[in-house]
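The values are calculated or read from the model by the stated rules, or taken from the named source; none is laboratory data. Bear in mind that the values here come from a model prediction, so they are computed numbers and not experimental data. FYI the Cβ positions are ideal-geometry reconstructions off the backbone, even for glycines, and counts take in every protein chain you see. Accessible surface is based on the protein model in full, side chains and every heavy atom, while ligands, DNA and RNA are left aside. Shrake-Rupley method; radii C 1.70, N 1.55, O 1.52, S 1.80 Å.
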Amino acid sequence: MEFKRFENRIYLSSPTMHGEEQMFVKEAFDTNWVSTVGANLTNFEKEVCDKLGVKNAVALASGTSALHLAVKLAGVKQGDIVFAQSMTFDASVNPVTYEKGTLVFIDSERETWNMDPEALKEAFRKYPQCKCVIPVNLYGVPAKLDEIRAICDEHGAKMVEDAAESLGASYKGKMTGLFGDYNAISFNGNKIITTSGGGMLLTDDDKGAASARKWSTQARDNAPWYQHSELGYNYRLSNILAGIGRGQLLHLEEHIARKKEIYERYKEGLKDLPVSMNPYLPCSKPIFWLSCLLIDKEGMAKQNRGDLTYSYDKEAGKSCPEEIRETLEKYNIESRPIWKPMHMQPIYKDCDYISVSGDSCADIFERGLCLPSDITMTDEQQDYIIEIIKSCFA
Ligand SMILES: *Cc1c(COP(=O)(O)O)cnc(C)c1O
């Protein structure tokens, strides 16, 4: 079967604006509060606190800056051991390196693709002095958050939850972004809602939140002149972008509902292929930020990935992530390999890696692919994408 190339590119996940955003932005212009102070910032923070049920939210320039301040609040200093989920975006773990902490990477389990509590226990046996643990809710699917929380408590380690991909998801009835001592969400352009770029630090620790707020605006002491007793950063979100966020927040549930439909439609459409969708626990409510497929071992054609290049064999009845990605690209459709685990990255090759059940995250990286999950994609377009994927297994 011959397919037609889409004239307009189908994205993995692009920003979707609704109109209210401009109203809040206009208000900022009209009142001339266009910098890093103003009503949009105050209200955006309050609205997120109310929605999630957290005491403090500090609006920042990015999810990465939220993670950086979270890692600082967790007390990570030079040489301190930090356990981090290996399969993630490098923004989850780079803040530890900014603070000269020592990263130890933890494998994923198969039920949510997130930090494996068994590997985490093993890591604490090897490094009982670990200070801080960073689990992630990958692709909007909550990790085994209560188990990870309990292990952290048992060892007196702080938990920093990277909820950048999971705003609005819940685990056993509690929202993600509330399980750690310090937590980060992201409003980057491709996330479930966006401020164009931005993030927030979430915490019930009032003093910690006050410190983060101070650090984010160059850490000025209370004096008429510029007086500094701590290291500061220029990390505050602007009042204009906070206006975009307020408008977007009104549509969070609607975005989540559409993402779930997309996931269910892929699941149904791909059910006759040797693939499964990214898994989640029944006690959790994911937001399905990205729908991902995992090719069964028996359905995998031979695929070779080097650091920068790849090749694969064309085999009847089988396929591989690189073949599907390349084929979709031919028709102007974006897809993306699963996050390449940090323990496989050249920059982190010297870090220790703890796994107790084979190298699960390397295997998921090898066999998995993120599918276009854009909420403006039509059912017709998605059906077409499903047919193209099927053709790869012909
Ligand atoms: C997007 C993302 C971040 C970083 O957020 P930015 O707002 O882009 O800085 C961190 N961790 C994960 C898992 C992410 O997906």
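Considering the conditions (1) aromatic (F, W, Y); (2) in a helix (DSSP H, G or I); (3) open to solvent by 60 Å² or more (accessible area, probe 1.4 Å), F44 is excluded by exactly one of them, (3). Taken together, the residues in the range 288-305 that are touching a Leu at 6+ places or on another chain (Cβ under 7 Å) and over 16 Å from I324 (Cβ atoms) amount to 0. Scan the range 181-239 for residues that are open to solvent by 50 Å² or more (accessible area, probe 1.4 Å), within 14 Å of the ligand (Cβ to nearest atom) and in a strand (DSSP E or B) and the total you get is 0.
Conditions (1) on the phi > 0 side of the Ramachandran plot; (2) under 19 Å from the mean Cα position of the chain (by Cα); (3) touching a residue at least 60 places away in the same chain (Cβ under 8 Å), marked per residue:
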| residue | (1), (2), (3) |
| --- | --- |
| I81 | no, no, no |
| D90 | no, yes, yes |
| K100 | yes, no, no |
| E109 | no, yes, yes |
| N114 | no, yes, no |
| E118 | no, no, yes |
| E122 | no, no, yes |
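Can you say whether P128 is in contact with a His (Cβ under 8 Å, 6 or more places away or on another chain) and free of Cβ contacts under 8 Å to residues at least 60 places away in the same chain, as far as the supplied structure shows? So P128 fits the description; yes.
Give P286, P341, P337 a once-over and let me know the one that is buried (at least 16 other Cβ atoms within 10 Å of the Cβ), closer than 23 Å to G189 by Cα and without any contact (Cβ under 8 Å) to a residue 40 or more places away in the chain. Please lay out each step first, then the result.
On the way: P286 fails: without any contact (Cβ under 8 Å) to a residue 40 or more places away in the chain; P341 fails: without any contact (Cβ under 8 Å) to a residue 40 or more places away in the chain.
Sole residue among the options that is buried (at least 16 other Cβ atoms within 10 Å of the Cβ), closer than 23 Å to G189 by Cα and without any contact (Cβ under 8 Å) to a residue 40 or more places away in the chain: P337.
Of the residues making up the range 148-162, those that are within 16 Å of the ligand (Cβ to nearest atom) and in a helix (DSSP H, G or I) number 1. Pairs meeting the criteria (first residue in the range 290-314 and surrounded by fewer than 19 Cβ atoms within 10 Å (Cβ to Cβ), second residue assigned to a strand (DSSP E or B) and of a type in the set (V, I, T), beta carbons under 7 Å, at least 6 apart or on different chains) are D296/V275; G299/V275.
Scanning the range 127-135 for residues that are under 22 Å from G208 (Cβ atoms) and among the basic types (K, R) turns up at least one hit.
Would you check if G317 is within 26 Å of the chain's Cα centre (by Cα) and either open to solvent by 40 Å² or more (accessible area, probe 1.4 Å) or of a type in the set (G, A, S) (or both)? Steps first, please.
Details: within 26 Å of the chain's Cα centre (by Cα): no; either open to solvent by 40 Å² or more (accessible area, probe 1.4 Å) or of a type in the set (G, A, S) (or both): yes.
Criteria not met by G317.
For the range 323-346, enumerate the residues that are hydrophobic (A, V, I, L, M, F, W, C), closer than 24 Å to S86 by Cα and away from the ligand (no atom under 16 Å from the Cβ). Spell out how you get there, then give the answer.
So in the range 323-346, the residues hydrophobic (A, V, I, L, M, F, W, C) come out as 324, 328, 333, 338-339, 342, 344.
Still in the list and also closer than 24 Å to S86 by Cα: 338-339, 342, 344.
The one that is hydrophobic (A, V, I, L, M, F, W, C), closer than 24 Å to S86 by Cα and away from the ligand (no atom under 16 Å from the Cβ): M344.
Being of a type outside the set (A, V, I, L, M), touching a residue at least 24 places away in the same chain (Cβ under 8 Å), open to solvent by less than 20 Å² (accessible area, probe 1.4 Å) and within 16 Å of the ligand (Cβ to nearest atom): is that true of G245 here?
Numbers: of a type outside the set (A, V, I, L, M): yes; touching a residue at least 24 places away in the same chain (Cβ under 8 Å): yes; open to solvent by less than 20 Å² (accessible area, probe 1.4 Å): yes; within 16 Å of the ligand (Cβ to nearest atom): yes.
The answer is yes for G245.
Does the range 348-361 include one or more residues that are within 24 Å of the chain's Cα centre (by Cα) and within 16 Å of the ligand (Cβ to nearest atom)? Taking every residue of the range 348-361 in turn, at least one turns out to be within 24 Å of the chain's Cα centre (by Cα) and within 16 Å of the ligand (Cβ to nearest atom). Of everything in the range 147-178 that is of a type in the set (S, T, N, Q) and out of contact with any helix residue (DSSP H, G or I) (no Cβ under 6 Å at 6 or more places or on another chain), the residue that is least open to solvent (accessible area, probe 1.4 Å) is T176.
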